[in-house]
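*Asks:* Could you have a look at this structure, given as structure tokens, before my questions?
The values are calculated or read from the model by the stated rules, or taken from the named source; none is laboratory data. Note that this is a predicted model, so its numbers are computed, not measured. A quick note on method: Cβ atoms are made from the backbone with ideal geometry, for glycine too, and the neighbour counts reach across all protein chains shown. We work out accessible area using only protein heavy atoms, side chains counted, and drop any ligands, DNA or RNA first. Shrake-Rupley method; radii C 1.70, N 1.55, O 1.52, S 1.80 Å.
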Amino acid sequence: MKSSSHPSSYLAHGTLFLCSIIWGGTFVFQKIAMAHMSPLLFNMLRCLISVLFLWLFICVYQRKTLYKKKFITDNEFKVGACIGVVLWLALGFQQIGLVDTTASKASFITGLYIIFVPFVLKIFFSGTVASWQLSMASLACLGLFLLTTSVHDFGIGNGDLWVLASAVMWAVHVSILGQYHRRGRVLQIAMIQMLSCALLSGISSLLLMEPWSGVLAVLPSLLFTGLLSGGIAFTLQLFGQNTISSPVAAIILSFEAVFGAWAGWYFLHEPFSLRNLMGALLIMLAITLVEVTNYLQLRAKRVGLN
């Protein structure tokens, strides 16, 4: 286990908390943008901004370190393009859902991807699902029900269903990335996935005949989501996760849901009933228990090996 007492580890913890705050705030900017622009067009533009930032960052890094390796290898291109397709679906479903649901609800529903990951690994990569993971999934489902329904209407809204579908795709994205990230450099893979997502979003927007307008009105949202969230926060995440253990990093990053809900309530004045609050707390409890259990199991395993 990486040391938690080294000064750089404290900086890494703070960096990951900053990432959680940025990504939580992203839901607000995504929601605001939907009043002026079509979902897929917005995704195309935000991803292009991220691509530009990552390209510049890679160029500066390679020049500063005199790095002579090929700018993008064939493996990096293949992996990036593959997960870019999944990213296109995840971001697309999420953005479409935000047309009809609130940023607060979307943040917690998106956080369910942590619950879905073991099931995705089971289906696609022959993983295993433990009984405690099934219990946490049941707890999260109860939380989802309370979060997305009311006393008088047990039907889940279309926007919430779209965001739930995006959470499944985020779980697929995380699972694939976990299996194949060692096949190349993370920044290069991230740039190709963003480029793939931008191209697919643009084509989808054209096919669905979305109106290509409202760019100036959503410029702050584009800059926040594309530059700060997709570029800078992602780079900060790399530093944080390279310094402290992955389970601890995952626990910190899961607070994105809390920051997103708070930002939606505070800045957009989104209503949050006691029933919704109970649902959100159950979802957060399930997510936290999953991450803490993963951390304890990994720690016990490493202690056993020593």
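*Asks:* If you take the residues in segment 102-122 that are among the aromatic types (Phe, Trp, Tyr) and surrounded by fewer than 24 Cβ atoms within 10 Å (Cβ to Cβ), which one is nearest to Asp160 (Cα to Cα)?
*Replies:* Here the residue is Tyr113.
*Asks:* For segment 147-162, state whether one or more residues are among the charged types (D, E, K, R) and open to solvent by 60 Å² or more (accessible area, probe 1.4 Å).
*Replies:* yes
*Asks:* Please go through segment 145-160 and give me each residue that is more than 16 Å from Phe272 (Cβ to Cβ) and of a type in the set (Gly, Ala, Ser), ordered by number.
*Replies:* Correct list: Gly155 only.
*Asks:* Looking only at segment 117-175, which residues are more than 20 Å from the chain's Cα centre (by Cα) and among the charged types (D, E, K, R)?
*Replies:* Lys122, Asp153
*Asks:* Given the condition among the β-branched types (Val, Ile, Thr), under 19 Å from Phe267 (Cβ atoms), open to solvent by less than 80 Å² (accessible area, probe 1.4 Å) and assigned to a helix (DSSP H, G or I), answer yes or no: does some residue in segment 55-65 qualify?
*Replies:* For segment 55-65, residues among the β-branched types (Val, Ile, Thr), under 19 Å from Phe267 (Cβ atoms), open to solvent by less than 80 Å² (accessible area, probe 1.4 Å) and assigned to a helix (DSSP H, G or I): absent.
*Asks:* Quick one: count up the residues across segment 117-164 that are among the small types (Gly, Ala, Ser) and either in a helix (DSSP H, G or I) or in contact (Cβ under 8 Å) with a residue 60 or more places away in the chain (or both).
*Replies:* The total comes to 8.
*Asks:* Would you confirm, using the coordinates I've provided, whether Thr101 is closer than 20 Å to Asn43 by Cα and assigned to a loop (DSSP other than H, G, I, E, B)?
*Replies:* For Thr101, the condition - closer than 20 Å to Asn43 by Cα and assigned to a loop (DSSP other than H, G, I, E, B) - is met.
*Asks:* What do you reckon, is Ile115 over 30 Å from Leu219 (Cα atoms) and β-branched (Val, Ile, Thr)?
*Replies:* When the stated conditions are applied, Ile115 passes them.
*Asks:* Still on this structure: I'd like to know if segment 185-193 contains one or more residues that are in a helix (DSSP H, G or I), charged (D, E, K, R), touching a helix residue (DSSP H, G or I) at 6+ places or on another chain (Cβ under 8 Å) and surrounded by 14 or more Cβ atoms within 10 Å (Cβ to Cβ).
*Replies:* no
*Asks:* Among the candidates Val99, Val86, Val129, single out the residue that is surrounded by fewer than 19 Cβ atoms within 10 Å (Cβ to Cβ), in contact with a helix residue (DSSP H, G or I) (Cβ under 9 Å, 6 or more places away or on another chain) and within 21 Å of Glu256 (Cα to Cα).
*Replies:* One residue alone meets the criteria, Val99.
*Asks:* Among the residues of segment 212-229, how many are of a type in the set (Gly, Ala, Ser), within 20 Å of Gly84 (Cβ to Cβ) and out of contact with any Lys or Arg (no Cβ under 6 Å at 6 or more places or on another chain)?
*Replies:* 1
*Asks:* Right, something else. Out of the residues in segment 165-179 meeting the condition of being in contact (Cβ under 8 Å) with a residue 60 or more places away in the chain and either among the β-branched types (Val, Ile, Thr) or open to solvent by 40 Å² or more (accessible area, probe 1.4 Å) (or both), tell me which one is nearest to Phe27 (Cα to Cα).
*Replies:* Among them, the one singled out is Trp170.
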